[in-house]
Each structure stands twice: as structure tokens, then as C-alpha cells.
Amino acid sequence: MSFADELKLVAPEDRGLYEEAYEKNGKVGSEIPVEMAKVQCPPGGYRHPRRTVYVTFYTHSDHKIVRMYLDEESCFEEVAQKAAVLLPTVQWKICSGTQYQYDFEFHSSRQLWDSIQRTPICRFYYLLIRLERLHPVSPDVRCDSCKRSIIGHRFKCTECADFDICQSCEGLAVHSEHAMLRIVNSGTHVPGYITANAPSYVFGH
């Protein structure tokens, strides 16, 4: 990765700092101090590890780069909240990838924290986020756990009477005592042997 490539990962308001240091020294070699949010330690002085990270949010047609101060234990929520602020008109899935490539969806702070990378020249941390638009599977289907309209994947219990949960609740292992059938959208095909052998009350929708 060249210096020019690294500079593309920096928030626009900070690029001048890196350009100035690079022109002066021919290299950066160490972190350049940038203005960071103050961190207040809780009683007892303990806090989870935090990093200043340049996060690039990609959609299929655009991208935005912001500097964030991420907490190891809550970075997934922090990134999701920032996506909602930057692009508030749509609900998003938080994924790894770029404008042209989707890799996988993030489901936890640990997973996201482990995906943070560091550049070899300027030594700053960066994260590439691909935002995928969430669509309701069906506007009249609500999660039987959190009671919200189901956005994204719907998980139907294969034993209970007409019991559906959203992918957020499924990720929290809600209703883990029964096997769940994943339904991505109205075109998802459920094999006939499943519906034929299931009690009539299971597939109410």
C-alpha cells in the first residue's frame, strides 16, 4: 500500500496533517496526533480498549470517511449508530466490504474489532464498512420476541404455532430450544417435505 493509497482512507479534514508530515520527513513512521474525543473513565478507572479509527462507509453508489473513537466492547453499536446518522433515510446491515464488493455481515463488536486494520506507512487504524439496505420481509409480520416489524431475514420456528423472530433476536439465541427456518424474502423456497410433514398450525403465514 502506497502513501497515496493510505491517504484515501483518511477523513478529508485530517489529510493535510498526513501530507504535511510526509512532505517534511519523507515518511510518517509514527502516529500523527489528531484531535480525539475525551474519554471519561468510569469509577475505578477501568475502561475497555479504544482506538481512533478511520471508518469508510460504502454504499453501492458512494462512500463517506469519518474518524471515530471506537470501544472494543461496543464498536458494533457505535458504527451502526454512525451509519444511521450519516444515512438516516434507510435501515442498514453493517457488513465488511467496499463499494464494489460485499464480504460478510458483522454481528458482534468482537467480529468488527478484529477486522480493524493498520496501515504500514502512517500507522493509523482503518475499517472498511459496506452498508447493505435492509428490506422488510413482509410489512405485516412482527417478531414474536421484540414485537417489532421484521426487517431483513425472518426466522420461523419449525415446531411452534406461527412463531417468527427477527435476525437480531435470532443472533441473541432467542428461542434456541427449537430449530428455526430462515426466510430471506417472499421468494424464499421452503421445500415441500418440510411443509407437508409439519403440523398445520406451524405455517400460518
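What follows draws every value from the coordinates through simple rules; no lab data is involved. Computed from a predicted model, the values in this text were never measured in an experiment. Cβ placement follows ideal geometry from the backbone for every residue including glycine, while neighbour counts extend to all protein chains displayed.
If you keep only loop residues by DSSP, which trypsin sites (Lys or Arg not before Pro) in segment 78-164 have at most 13 other Cβ atoms within 10 Å of their Cβ?
For trypsin sites (Lys or Arg not before Pro) across segment 78-164 that sit outside H, G, I, E and B with at most 13 neighbouring Cβ atoms in 10 Å, the list reads R123, K147, R148.
With r as the distance between the Cβ atoms of R110 and R142 and R0 = 35 Å, compute the FRET efficiency 1/(1 + (r/R0)^6) and round to 0.05.
Step by step, r from the Cβ atoms, then E = 0.75.
With each label point set 7 Å from Cα along the Cα-Cβ vector, what nm distance links V174 and A161?
So the label points at V174 and A161 sit 2.0 nm apart.
Name the chymotrypsin sites (Phe, Trp or Tyr not before Pro) in segment 53-147 that are in a loop by DSSP and that have at most 13 other C-beta atoms within 10 Å, would you?
Those that pass, being in a loop and sparsely packed, are Y100.
I'd like the projected area of segment 111-184, averaged over all directions, using the convex hull of its alpha carbons. Report it in nm² with one decimal.
Numbers: hull surface 26.0 nm².
It is 6.5 nm².
Taking loop as defined by DSSP and a crowding limit of 15 other beta carbons within 10 Å, which GluC sites (Glu not before Pro) in segment 113-189 fit?
Working: sites: E132, E159, E170, E177; in loops: E159, E177.
Filter output for segment 113-189: E159, E177.
Would you grab the residues whose amide H sits under 5 Å from the one on L181? Only those 5+ places off in sequence or on another chain, please, with H modelled 1.01 Å from N.
Excluding prolines and chain starts, which carry no amide H, the hits are K156, C157, T158.
Using a simple spin-label model with points 7 Å from Cα along the Cα→Cβ vector, what separation in nm is obtained for R15 and H63?
Using points 7 Å along Cα→Cβ, the separation is 1.2 nm.
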